[in-house]
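Novice: Mind looking over this structure? Questions follow.
Read-outs throughout are calculated quantities, based only on the coordinates presented, and are distinct from any laboratory measurement. Being a predicted model, the structure only gives us computed values, none of them experimental. Ideal geometry is used to build each Cβ from the backbone, glycine not excepted, and the neighbour counts take in all protein chains shown.
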Amino acid sequence: MKSPQTLIIATAANRGIIYAPAGGAGEYAPLAVNPYRGCGHGCRYCYVPAVKHMPRAEFDASAIPRENFLARLRRDAANLQAVGVGGQVMLSFSTDPYHPGDTSLTRQTLEVLVEYKFDFCVLTKGGTRALRDIDLYRPRHDCFASTLTSLDDGFSHKWEPRAALPGDRLAALRTFSERGIYTWVSLEPTLDAESSLAIVEATHSFVDLFKIGRANYIGVTAKTDWKSYTLRMAELCARLSVAHYFKQDLACYLPAGYPNRMRVEQHR
Ligand code: SF4
């Protein structure tokens, strides 16, 4: 298999549907795909409309399949396979694969990735909607992840009004875990430090890995002490012996030499 650098060169060159995410997104996965344009979850903290130069109302209205998506996905998968590029492809950064609308394209996407021998990882706030496709997950290859900002329904509803409620997301994580699928939780954005700490306490028995980030440019976190949060989270993860990764904008608060591996093997 080719090196990550080769991955980036190959995917940048074809400017494809399968791409190598950069910056903070690149800390999540080496490769990614976004089958839809827009997302119906309506998260108040979502940065995607600004990045995509898309009116927020249009982005929030619904997720629309990208034009000719499956044919372009097949072309990219075949091209990358031909030059020896493989590994894990993540869904999704600029949409949610289990948004509230028609997500049949998500299943087709996973099927194509399997056909071309890519591993996949699904990151979603769609909760148990994702269980429809659980038969496609291969325990030694694929993984399932969910973003959680709180365990409280009211808090979640305020910030992520049309996403699945926290209990439903936990139910999905638990089910995938029971099927032998590697699971992880994204604690990004951290809107409330106490809530994120409580999520780790409540879910570590069925979550294999926590990816921990902060929130930027959101007023509610203006007074958050990120150093204190980072050190408390590190202490909690050590006490519970849970695998975790601090994203770079929090890793600066860790003691020198703290083991903080970005890419861990995401299978059991
Ligand atoms: S689920 Fe993700 S892409 Fe969709 S609105 Fe929320 S933050 Fe944006």
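Novice: Taking θ as phi - 60°, what are the ³J(HN,Hα) couplings along region 41-57 by the Karplus curve (6.51, -1.76, 1.60), each to the nearest whole Hz, with x for Gly and Pro?
Specialist: Values, residue by residue: 7, x, 4, 5, 8, 5, 9, 4, x, 5, 5, 8, 6, 10, x, 4, 4 Hz.
Novice: Now, a different point. On full extension of the chain, what length is gained from ALA50 through VAL220, given 0.36 nm per residue of separation minus the C-alpha to C-alpha distance?
Specialist: So the extension gain works out to 59.3 nm.
Novice: Under the rule of at least 5 residues apart or a separate chain, name every residue whose amide H is placed under 5 Å from the amide H of HIS244.
Specialist: PHE210
Novice: Sticking with this structure for a sec: Which of the residue pairs LYS52/LYS223; LYS52/LYS227; LYS52/LYS125 have a Cα-Cα distance greater than 23 Å in the structure shown?
Specialist: LYS52/LYS223; LYS52/LYS227
Novice: Taking amide H positions as placed 1.01 Å from N in the peptide plane, with prolines and chain starts having none, which residues 5 or more places from CYS143, or on another chain, fall under 5 Å of its amide H?
Specialist: Amide H to amide H, under 5 Å and 5 or more residues apart or across chains, CYS143 pairs with PHE120, CYS121, VAL122.
Novice: Residues of region 36-61 with backbone nitrogen within less than 13 Å of a virtual label 7 Å along the Cα-to-Cβ line of ARG162, please, listed as ranges.
Specialist: The answer is 37-44, 56-61.
Novice: Which value, to two decimals, describes the C-alpha radius of gyration of region 215-268 once divided by 2.2 N^0.38 Å?
Specialist: 1.26
Novice: Further question on the same structure: Label points 7 Å out from Cα along the Cβ direction at GLU194 and ASP152: separation in nm?
Specialist: Those two pseudo-labels are separated by 0.8 nm.
Novice: May I ask you to evaluate 6.51 cos²θ - 1.76 cosθ + 1.60, the Karplus curve with θ = phi - 60°, for each residue of region 117-131 and list the ³J(HN,Hα) values in order in whole Hz, giving x for glycine and proline?
Specialist: 6, 8, 7, 9, 9, 9, 10, 8, 10, x, x, 6, 4, 5, 5
Novice: For the Cα atoms of the chain, what angle does the longest principal axis make with the long axis of helix 193-203, in degrees from 0 to 90, nearest 10?
Specialist: Approximately 70 degrees, to the nearest 10.
Novice: Please state, to two decimals, what the Cα-based radius of gyration of the chain comes to when divided by 2.2 N^0.38 Å (N = residues).
Specialist: That works out to 0.96 for the chain.
Novice: Which distance in nm do the two modelled labels at GLN248 and ARG138 give, with both placed 7 Å along the Cα-to-Cβ direction?
Specialist: 3.2
Novice: Could you tell me which trypsin sites (Lys or Arg not before Pro) in region 142-232 are loop residues by DSSP with no more than 10 other beta carbons within 10 angstrom of their beta carbon?
Specialist: Sparse-neighbourhood loop trypsin sites (Lys or Arg not before Pro): LYS223.
Novice: How far is helix 166-178 tilted off the main Cα axis of the chain, in degrees rounded to 10, range 0 to 90?
Specialist: Helix 166-178 and the main axis of the chain meet at about 60 degrees.
Novice: Does anyone have the angle between helix 69-82 and the longest principal axis of the chain? Alpha-carbon axes, 0 to 90°, nearest 10?
Specialist: 90
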